[in-house]
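Chemist: Starting off with a structure, shown below.
The values are calculated or read from the model by the stated rules, or taken from the named source; none is laboratory data. Since the model is a prediction, treat every value here as computed from it, not as a measurement. Ideal geometry is used to build each Cβ from the backbone, glycine not excepted, and the neighbour counts take in all protein chains shown. Each accessible area value is taken on the protein alone, full model and side chains, heavy atoms only, with ligands, DNA and RNA left out. Shrake-Rupley method; radii C 1.70, N 1.55, O 1.52, S 1.80 Å.
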Amino acid sequence: MAILRGAEPFAHDGSDTGVLLCHGFTGTPQGLRDWGQYLADLGYTVRIPRLPGHGTTWQEMNRTRWQDWYAAVDAAFRELDESCDRVFVGGLSMGGALATRLAQEHGPRVRGLMLVNPAYKVEDVRLRALPVLQAVVPSLPGIGNDIKKPGQDEVCYDRVPLKALWSQTKLWATVVRDLPEITQPVLLWHSTDDHVVPASSSALLLSRISSTDVTEKVLHDSYHVATLDHDAPRIFGESVEFIERLS
């Protein structure tokens, strides 16, 4: 199946410090490519895999589940873990939940977590109908491209595939259940104006994890896809400070 232009995975081989970045639900590596390129230009080894069902058609995505998406980031992490002395994991939105799951599963092999508007829950009353709705309605209008910066576009689907969304809620439940297992250093950015993921999602993370090294950064000039928004350069620079401090 043809891949959308810009949705290709990103890979760069550099130093013995590896960074894995995980993109969001219905998104693609394009949403994190500038971040990945910034890290690659500084010499890090970087991977941004394309999650199964993403970057092609929403219909294909509806045939995938959260275990498929997790398997892709898990394989990328294991590759980095074999070739690098230390590996940091980052993610945007659902990618943040997948990154968190990697930290839960791999423990101290994940040196640090970098999360941008991570999704562990959504406060949308329509989700209450999702168990029934996903069985009869294939999709709803999309949630992508929540960006404040003019002229900046995210490569993503314009529809939300509901069977896939239903599966994402199972991912959230699994990750939230095991949040106390997180002991790694955490760097969290969240936007004051996010039209996709509520502020309570980041608050839930902070209230449940066991990490003692936690840095919270508030983004005042970006919407949900902050890695493509006004605050992106700040995210990139602060991520490097975090990686260097822990390396």
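Chemist: Over the Cα atoms, compute the radius of gyration (one decimal) and Dmax (the largest Cα-Cα distance, rounded to a whole number) for segment 138-220, in Å.
Modeler: 15.3, 43
Chemist: Near LYS163, which lysines are there with a Cα under 27 Å away, not counting those fewer than 8 places off in the same chain?
Modeler: Straight-line reach from LYS163, under 27 Å: LYS121.
Chemist: Only bridges whose two residues both fall in the chain count here: according to DSSP, what percent of them are antiparallel, nearest 5?
Modeler: Details: 6 of 31 bridges.
Looking only at bridges with both residues in the chain, the antiparallel portion is about 20 percent.
Chemist: Okay, moving on. Using a 1.4 Å probe, what is the accessible area per residue for segment 56-159, in Å²? Don't skip to the end; give the middle numbers.
Modeler: Details: 4690 Å² over 104 residues.
That works out to 45 Å² per residue.
Chemist: Label ARG109 and LEU127 with points 7 Å out from Cα along Cα→Cβ: what is the distance between them in nm?
Modeler: About 3.0 nm, to one decimal.
Chemist: Let me ask something additional. What dipole magnitude, in Debye to the nearest 20, does segment 74-161 give about its Cα centre under +1 on Lys/Arg Cβ and -1 on Asp/Glu Cβ?
Modeler: Details: 11 positive and 12 negative charges, 59 e Å.
Dipole of segment 74-161, to the nearest 20 debye: 280 debye.
Chemist: How about segment 33-108: which chymotrypsin sites (Phe, Trp or Tyr not before Pro) there are in a DSSP loop, with at most 16 other Cβ atoms within 10 Å of their Cβ? Intermediate results must be reported in sequence, preceding the final value.
Modeler: On the way: sites: TRP35, TYR38, TYR44, TRP58, TRP66, TRP69, TYR70, PHE77, PHE88; in loops: TYR44.
Filter output for segment 33-108: empty list.
Chemist: What is the percent carbon and sulfur in the accessible area of the chain, measuring with a 1.4 Å probe over the protein chains and ignoring ligands?
Modeler: On the chain, the fraction of accessible area on carbon and sulfur atoms equals 51 percent.
Chemist: For the chain, take every pair of Cα atoms, bin their distances at 5 Å starting from 0, and report each bin as a whole percent.
Modeler: So the P(r) values, bin by bin, are 1, 7, 15, 20, 21, 18, 11, 5, 1, 0, 0.
Chemist: Only bridges with both residues in segment 102-247 count here: give the DSSP antiparallel percent, nearest 5. Could the numbers behind the result be given before it?
Modeler: Values: 3 of 13 bridges.
The antiparallel proportion sits near 25 percent.
Chemist: Here's something else I'd like to know. Equivalent-ellipsoid semi-axes (√(5λ), Cα gyration tensor) for segment 1-116, whole Å, largest first?
Modeler: Numbers: eigenvalues 98, 51, 25 Å².
One finds semi-axes of 22, 16, 11 Å for segment 1-116.
Chemist: I've got another one for you. Out of all DSSP beta bridges with both ends in segment 1-118, state the antiparallel percent to the nearest 5. Present the calculation step by step, with values, prior to reporting the outcome.
Modeler: Working: 3 of 18 bridges.
Given both bridge residues lie in segment 1-118, the antiparallel proportion sits at roughly 15 percent.
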